[in-house]
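Just so it is clear, none of the values below were taken in a lab; they were calculated from the coordinates. Bear in mind that the values here come from a model prediction, so they are computed numbers and not experimental data. Please note: Cβ atoms are built from the backbone with ideal geometry, for glycine as well, and neighbour counts cover all protein chains shown.
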Amino acid sequence: MTLLTFRFAPSPNGDLHLGHAYSALLNQKLAEAHDGRLLLRIEDIDTTRCTPQFEAGVLADLKWLGLGWEEPVRRQSEHFAEYEAVLDRLIREDLVYPAFMSRSEIRAFIADSEKRGRDWPRDPDGVPLYPPSDKALPVKERKRRIAENEPFAWRLDIDAAVARVGGDLAWTEFTDESLSATRSVEARPRDWGDVIVARRDIPTSYHLAVTVDDALQGVSRVVRGQDLFSATGLQRLLQEFLGLPQPAYFHHRLILGPDGRKLSKSLGDTGLAELREAGASPDDIRRMVGL
Ligand code: GLU
């Protein structure tokens, strides 16, 4: 029998709050209940926002909570060469293209189109989809702009990628916290448009690194927040054309702040360090998140 493998994958770009505590503790509870493994992955590809100080804080908070994980911890910033190898494959297979538009150019393009009465489509996170112009650039023009050192990001040609895998894609989603029943969810990768798979200075993106690492680490149960539900459709597509195994997913409820909104890393009163300093114990935290 193969062991079930769970993971908690925080990004050290701020302090942990009650929402992270719930996610980490739920993963631990499920790993224990299933005699499975629990891995910790530090998702620090954004080397400007993620700092060693935040990472130290994350590890200290998790230890205080009583989380136990297998060593070594995988730190994504130490594996750029592995992501780059996958990116090279996508480049060779013509599934990505260099996208040159800056943020302000994208904004101007969309404003112009909306002025003419057309609502510009947005991805599930509310970000406007990338305009189609760069995808249509002739190869010669692309090469010239790259040779001239124009900054660009690699974007997935979502239509080409969907066409490559053919047919409908779905993933297996557990229906509740006990992971006893599943349902099949239709993956809708097209909703994301031509997403970034690598920046010029970072040879990967969140979606690419997560997909590669979940497979590489043998993660079979992905338990994470509801805010990443739609992202799973895109990650399923990446798994499919990279020939990677599919974990089963559970997207858990989000812990909301007193104002009913999603917690953010700057919300002082729900930060784990603040709660600890105010005298809360790990058991208090468990109770606060309903575990
Ligand atoms: N690193 C992501 C975050 O902190 C979580 C990624 C995942 O669980 O897939 O939001």
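With Cα atoms defining each centre, the range 1-62 and the range 171-243 are spaced 17 Å apart in the structure. Net length available on complete extension from Arg92 to Asp125 is 8.9 nm, with 0.36 nm assigned per residue and the Cα-Cα distance removed.
Database remark: amide H of His252 closer than 5 angstrom to the amide H of Arg224, Gly225, Gln226 (H placed geometrically; neighbours at sequence offset of 5 or more, or on other chains; Pro and chain starts carry no H).
The GNM of the chain, with springs linking C-alpha atoms under 10 angstrom apart, assigns the highest mean-square fluctuation among Trp120, Trp69, Trp192 to Trp120. Among residues other than Pro189 with Cβ under 12 Å from its Cβ, the summed charge is -4 (Lys and Arg +1, Asp and Glu -1).
On full extension of the chain, what length is gained from Arg75 through Arg107, given 0.36 nm per residue of separation minus the C-alpha to C-alpha distance? Working shown, then result.
Numbers: separation 32, 0.36 × 32 = 11.52 nm, distance 3.37 nm.
Separation in residues times 0.36 nm, less the Cα-Cα distance, equals 8.2 nm.
Amide H to amide H distances under 5 Å link Ile42 with Arg74, Arg75, Gln76, where only residues 5 or more positions off or on other chains count and H is placed in the peptide plane. Using a/c under 1.5 as the rounded threshold, could you call the range 89-162 rounded, prolate or oblate? The axes a ≥ b ≥ c are square roots of the C-alpha gyration tensor eigenvalues, and prolate needs a/b larger than b/c, oblate otherwise. Cα axes put the range 89-162 in the oblate bin. Under a 5 Å amide H cut-off, with hydrogens placed 1.01 Å from N, Val197 pairs with Trp154, Arg155, Leu156 among residues at least 5 apart or on other chains.
Net length available on complete extension from Glu148 to Ala248 is 31.6 nm, with 0.36 nm assigned per residue and the Cα-Cα distance removed.
What is the local net charge at Arg107, summed over the other residues whose Cβ is closer than 14 Å to its Cβ (Lys, Arg +1; Asp, Glu -1)? Mind dumping the intermediate values first?
Values: positive: Arg103, Lys115, Arg122; negative: Glu105, Asp112, Glu114.
My count for the surroundings of Arg107 gives 0.
By the count of neighbouring beta-carbon atoms within 10 Å, fewest first, Lys143, Lys115 end up ordered Lys115, Lys143.
Between Ala273 and Asp46, the simple label model (points 7 Å from Cα in the Cβ direction) yields a spacing of 1.8 nm.
By definition, a body whose alpha carbon gyration tensor gives a ≥ b ≥ c is oblate when a/c is 1.5 or more and a/b is not larger than b/c, and the range 61-119 fits this oblate description.
Neighbour counts of C-beta atoms inside 10 Å place Ile106, Ile146 in the sequence Ile146, Ile106, starting with the fewest.
R0 = 41 Å: FRET efficiency of Glu141 with Gln53, Cβ-based, nearest 0.05?
That pair, Glu141 with Gln53, gives E of 0.40.
Of the residues Gln226, Leu16, Gly167, the one whose Cα sits farthest towards the positive end of the charge dipole of the chain is Gly167 (charges of +1 on Lys and Arg Cβ, -1 on Asp and Glu Cβ, taken about the Cα centre).
For a modelled paramagnetic label at Thr2, 7 Å from Cα along Cα-to-Cβ, the residues of the range 187-227 in reach, with backbone nitrogen under 18 Å, are 211-223.
When a/c is below 1.5 the answer is rounded, else prolate if a/b is larger than b/c, else oblate, so apply that to the chain with a ≥ b ≥ c taken from the square roots of the Cα gyration tensor eigenvalues. Don't jump to the answer; show the numbers that get you there.
Working: a/c = 1.79, a/b = 1.58, b/c = 1.13.
Taking the square roots of the gyration eigenvalues as a ≥ b ≥ c, the chain is prolate.
Residues His252, His34 in ascending order of nearby Cβ atoms (within 10 Å, fewest first): His34, His252. Across the range 148-156, rounded Karplus estimates of 3J(HN,Hα) from the backbone phi angles (6.51 cos²θ - 1.76 cosθ + 1.60, θ = phi - 60°) give 7, 6, 6, x, 8, 10, 8, 10, 6 Hz, Gly and Pro being marked x. Under a cut-off of 19 Å between alpha-carbon atoms, report the lysines in cross-link reach of Lys143, not counting same-chain residues fewer than 8 places apart. Straight-line reach from Lys143, under 19 Å: Lys135.
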